[in-house]
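What follows is one structure encoded as structure tokens, with my remarks underneath.
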Amino acid sequence: MAPVVIVLVSDGSRCLLARQATFPPGMYSALSGFCDMGESVEEALHREVAEEVGLEVENLQYSGSQHWPFPQSSFMLACHATVNPNKTQVNVDTAELEDARWFTFEEITEALQKPPLNPKREPPAFWVPPSYAIANQLIQEWANQQQLSRK
């Protein structure tokens, strides 16, 4: 079983989601990657975020874990991370990702309420992983925190 880090990056008011070419159309998720041999979770998160989107992580907070059997058996360690709001220019590694971009609270809230398929059986233009995925848990937690900070 290979350890994998998965991280939802935020600049304080937006969160960063990305998509791989292998994802279903319109689906964006948190960043993730395998831990290198001898690497801590923190080191892996810093490296993966820097490699995949060119951002420097400032703070990390552990959220949870999940065994993920697809496509190979992995153990996922989920965290939230923040970046400096003045340093949010994304530089996508197109060898790993098809796209990555910042999403607002409103966009995320709408995506969390959408089913993955509409009545015409077409995927929406933007949607997030299903509720059983730890990526969804990270996105829900971020949205809940944003909701609390707006009160």
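The values are calculated or read from the model by the stated rules, or taken from the named source; none is laboratory data. Remember, predicted model here, so these are calculated numbers, not experimental data. Backbone-built Cβ (ideal geometry, glycine too); neighbour counts: all protein chains shown. The protein model used for the area step is the full one, side chains on, heavy atoms only, and it has no ligands, DNA or RNA in it. Shrake-Rupley method; radii C 1.70, N 1.55, O 1.52, S 1.80 Å.
Just a few scattered comments:
- When only Cα pairs below 8 angstrom with a gap of at least 6 residues are kept, the chain shows a relative contact order of 31 percent.
- A 1.4 Å probe run over the chain, with the rest of the protein chains in place, finds 55 Å² accessible per residue.
- Counting only DSSP H runs of at least 4 residues, each contributing -39500 (n - 2.57), and dividing by the residue count of the chain, the helix-based mean residue ellipticity at 222 nm comes to -8000 deg cm²/dmol.
- Within the stretch 12-52, GluC sites (Glu not before Pro) in DSSP loop having at most 16 other beta-carbon neighbours inside 10 Å: E39
- Kirkwood hydrodynamic radius of the chain, Cα pairs, Å: 15.7 Å
- Rounded, prolate or oblate (a/c below 1.5 giving rounded, otherwise prolate when a/b exceeds b/c) for the stretch 11-70 by Cα gyration tensor: oblate
- Split the accessible area of the stretch 29-115 by element, probe 1.4 Å, and carbon with sulfur accounts for 50%.
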